[in-house]
1. Failed condition for residue 95, given (1) farther than 20 Å from residue 15 by Cα; (2) not in a helix (DSSP H, G or I), with all others met?
2. Give me a count of the residues in the range 2-22 that are surrounded by fewer than 24 Cβ atoms within 10 Å (Cβ to Cβ), in contact (Cβ under 8 Å) with a residue 12 or more places away in the chain and either among the charged types (D, E, K, R) or out of contact with any strand residue (DSSP E or B) (no Cβ under 7 Å at 6 or more places or on another chain) (or both).
3. Going by the structure shown, is residue 176 open to solvent by 30 Å² or more (accessible area, probe 1.4 Å), without any contact (Cβ under 8 Å) to a residue 12 or more places away in the chain and outside any helix (DSSP H, G or I)?
4. Taking only pairs six or more apart or across chains, which ones have beta-carbon atoms under 6 Å, a first residue in the range 189-218 that is closer than 26 Å to residue 18 by Cβ, and a second residue that is open to solvent by 60 Å² or more (accessible area, probe 1.4 Å)?
5. Can you name every residue in the range 215-251 that is open to solvent by 40 Å² or more (accessible area, probe 1.4 Å), more than 18 Å from residue 191 (Cβ to Cβ) and assigned to a loop (DSSP other than H, G, I, E, B)?
6. In the range 64-90, how many are among the polar types (S, T, N, Q) and exposed (fewer than 14 other Cβ atoms within 10 Å of the Cβ)?
7. Against the definition (touching a residue at least 40 places away in the same chain (Cβ under 8 Å) and over 20 Å from the mean Cα position of the chain (by Cα)), how does residue 55 come out, yes or no?
8. As an exercise: evaluate residue 148 against (1) open to solvent by 50 Å² or more (accessible area, probe 1.4 Å); (2) assigned to a helix (DSSP H, G or I) and give the number of the one condition it does not meet.
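The values are calculated or read from the model by the stated rules, or taken from the named source; none is laboratory data. Quick caveat, the model's predicted, so the values are computed rather than measured. No Cβ is skipped: glycine too gets one built from the backbone with ideal geometry, and neighbour counts run over all protein chains shown. All accessible areas refer to the heavy atoms of the entire protein, side chains included, with ligands and DNA or RNA removed. Shrake-Rupley method; radii C 1.70, N 1.55, O 1.52, S 1.80 Å.
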Amino acid sequence: MGNPFDLSGRAAIVTGANTGLGQALAVALAQAGADIVAVGRSAMDETRGLVAAAGRRCHAIKADLSTIAPVSAIVEETLATFGRLDILVNNAGIIRRADAVDFTEEDWDAVIDTNLKSVFFLCQAAGRHMLAQGAGKIINIASMLSFQGGIRVPSYTASKSGVAGLTRLLANEWAGRGVNVNAIAPGYFATNNTAALQADETRNRAILERIPAGRWGQPADLGGAAVFLASRASDYVHGHILAVDGGWLAR
């Protein structure tokens, strides 16, 4: 059987791969043997270099997933470049903060369109190919707010709750056809999205007091979970939301 975590010969799409969690996910998959299609809104030179340092190929696609317009082309370009598509990691996402009574329709739509609508249609586009070949791994990035309500992020909470539900629905439909659909729910990670929380002394202290591990997560902390869900080691895992949270949900 060999190493069940080996991704050699696989091709993976990772969205939001230019920085932060997406970059770390792309690098982890590359270190396990996968070639990477890195999708993002800005230059991905650093990600390309890190993937190359892991000995794998990296093809960058500049795309804005605030609409579904690029979705089909991302899958088609992946197949044209690497001749296969085995893994999809839906990581791209945005967040907008305001009290619920002040939240605007513009901020609602922007977050839902990026975090939920584009996630579904990228799952659909990749899923069509994976179902036809009878195998594939889809990993959506959920959140602690897939389980909890949070404050001042109504559209983000709605989108990440939706990602969890969508993950389960797709698993129900596709598990029997060889496609695994699961999600990772990161806890509080030190990224651009959480910079405002880290800078708020009161909120930062309250968050750290709630985390049994006693620290914010670092992007590299997600790598093992991603490799597991992308590999043969998780072949009987379907519709699961894997929390990587330093123990946050346990407290």
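1. In the conditions (1) farther than 20 Å from residue 15 by Cα; (2) not in a helix (DSSP H, G or I), residue 95 misses (1) alone.
2. If we filter the range 2-22 for residues that are surrounded by fewer than 24 Cβ atoms within 10 Å (Cβ to Cβ), which is where we start, we get 2-6, 8-11, 18-20.
From the residues that got through so far, the ones that are in contact (Cβ under 8 Å) with a residue 12 or more places away in the chain too are 4-6, 8-11, 18-20.
Pick out the ones that are also either among the charged types (D, E, K, R) or out of contact with any strand residue (DSSP E or B) (no Cβ under 7 Å at 6 or more places or on another chain) (or both) and you get 4-6, 8-10, 19-20.
Matching residues across the range 2-22 total 8.
3. Values: open to solvent by 30 Å² or more (accessible area, probe 1.4 Å): yes; without any contact (Cβ under 8 Å) to a residue 12 or more places away in the chain: yes; outside any helix (DSSP H, G or I): no.
No: the conditions fail for residue 176.
4. The qualifying pairs are 197/203; 204/198.
5. If the condition is that a residue be open to solvent by 40 Å² or more (accessible area, probe 1.4 Å), more than 18 Å from residue 191 (Cβ to Cβ) and assigned to a loop (DSSP other than H, G, I, E, B), then 235, 236, 238, 240, 251 are the ones that fit.
6. Going through the range 64-90, the residues among the polar types (S, T, N, Q) turn out to be 66-67, 72, 78, 81, 90.
From the residues that got through so far, the ones that are exposed (fewer than 14 other Cβ atoms within 10 Å of the Cβ) too are 67.
Residues flagged as among the polar types (S, T, N, Q) and exposed (fewer than 14 other Cβ atoms within 10 Å of the Cβ) within the range 64-90 amount to 1.
7. Values: touching a residue at least 40 places away in the same chain (Cβ under 8 Å): no; over 20 Å from the mean Cα position of the chain (by Cα): yes.
Here the answer is no, as residue 55 does not meet what is asked.
8. Failing condition for residue 148: (2).
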